Amino acid sequence: MQTHVHHALTLAINDSAGPGLVMRTLIVASVVGVVLIAWFVLRGYRD
């Protein structure tokens, strides 16, 4: 398990083309979260 974490951190640090792997993951997770929240809220107003 430690090697997987170390490998992910190494990819995030060494990725020079744009944001790192961690930043990309956070952005994708945030967008998916916002879409899900918007869907739940709009679904509640459909009554």
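Readers should treat all values here as calculations from the given coordinates under stated rules, not as data from a laboratory. Given the structure is predicted, the values throughout are model-derived calculations rather than measurements.
Residue-wise HN-Hα couplings along region 29-42, as the Karplus relation 6.51 cos²θ - 1.76 cosθ + 1.60 with θ = phi - 60° gives them from phi, are 5, 5, 5, 4, x, 5, 5, 5, 5, 4, 5, 5, 5, 5 Hz; Gly and Pro carry x. Once the chain from residue 43 to residue 30 is taken as fully extended at 0.36 nm per residue, the excess over their C-alpha distance is 2.7 nm.
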